[in-house]
1. With (1) surrounded by fewer than 22 Cβ atoms within 10 Å (Cβ to Cβ); (2) over 9 Å from the mean Cα position of the chain (by Cα) as the list, and residue 116 as the residue in question, which single condition is left unmet?
2. So which of 156, 143, 120 is in a loop (DSSP other than H, G, I, E, B) and in contact (Cβ under 8 Å) with a residue 40 or more places away in the chain?
3. Before we move on, is residue 162 polar (S, T, N, Q) and either out of contact with any Asp or Glu (no Cβ under 8 Å at 6 or more places or on another chain) or part of a loop (DSSP other than H, G, I, E, B) (or both)?
4. Suppose we keep only residues that are assigned to a helix (DSSP H, G or I) and surrounded by fewer than 18 Cβ atoms within 10 Å (Cβ to Cβ) within segment 57-98. Which one would you say is nearest to the ligand (Cβ to nearest atom)?
5. Conditions first: (1) near the ligand (Cβ under 8 Å from one of its atoms); (2) closer than 22 Å to residue 161 by Cβ; (3) outside any strand (DSSP E or B). Residue 102 passes all but one, so which condition is the exception?
Amino acid sequence: MPRSPPNFSRMDRSADNGLAATLRPARREDREKLWTLDQACFDAQLAYTRDELEAYLDSPGAFALVLETEAGSPAAFVLASVGRRGQGHIVTLDVLPAFRRRGWGRRLLLAAEQRLRAAGCREVRLEAAVNNAAALALYGRLGYRVRRVLRGYYHGGLDALSLAKLFSGGHGGP
Ligand SMILES: CC(C)(COP(=O)(O)OP(=O)(O)OC[C@H]1O[C@@H](n2cnc3c(N)ncnc32)[C@H](O)[C@@H]1OP(=O)(O)O)[C@@H](O)C(=O)NCCC(=O)NCCS
């Protein structure tokens, strides 16, 4: 089904397959909801503990963006961080199952990339489990390339792929 190109230039409301979604920065009071969301998106072995998620959210350079439904409840989020030497990192990207394949993951990822670029990053990196077909398809379509295999990266020994995307052009552009 054809989709309208998302609007990355503002944090606003937009219609998405009949469901209004608002993109906004995460607030402190969202934290419990973000953890619940992460639990719903990942197997127990891969999901973050509350402490892990808190630590990422509080780490230097970290930011999170959420997409919330008309009811005002976050249904998806991206957590990213601005690192040193011009390198950004996507820590996690979570879309509740009921809201998948509506372009929300893409929209969040591109919004995070835009913020990383604006913060001076020249590259963004992330990790995905080798068996995460949905995530790998999304990242591939958005220009991420495999750097290397990370053997036994996850609890339980599951391998990950390290992926990277180089930003071209100046800072701040889409
Ligand atoms: C991966 C994830 C974030 C994708 O979110 P989403 O909102 O469903 O993705 P989008 O609708 O923006 O998809 C964009 C494109 O990615 C690809 N894609 C997404 N999900 C896919 C799937 N299940 N199978 C194949 N391709 C898929 C498609 O090319 C899709 O475009 P299309 O719908 O026009 O074909 C979501 O499945 C999720 O939260 N999974 C669990 C958590 C997770 O694995 N996060 C990534 C951690 S590395």
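What follows draws every value from the coordinates through simple rules; no lab data is involved. Being a predicted model, the structure only gives us computed values, none of them experimental. Heads up, the Cβs are rebuilt from the backbone with ideal geometry, glycines too, and the neighbour counts pull from every protein chain shown.
1. Single failed check for residue 116: (1).
2. When all the criteria are applied, what remains is 120.
3. When the stated conditions are applied, residue 162 does not pass them.
4. 97
5. (2) is the only condition that residue 102 fails.
A quick yes/no check of all residues on (1) in contact with a Leu (Cβ under 8 Å, 6 or more places away or on another chain); (2) over 22 Å from residue 39 (Cβ atoms); (3) charged (D, E, K, R):
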{"site": "69", "(1), (2), (3)": "yes, no, no"}
{"site": "85", "(1), (2), (3)": "no, yes, yes"}
{"site": "102", "(1), (2), (3)": "yes, no, yes"}
{"site": "114", "(1), (2), (3)": "no, yes, no"}
{"site": "117", "(1), (2), (3)": "no, yes, yes"}
{"site": "120", "(1), (2), (3)": "no, yes, no"}
{"site": "131", "(1), (2), (3)": "yes, no, no"}
{"site": "142", "(1), (2), (3)": "yes, yes, no"}
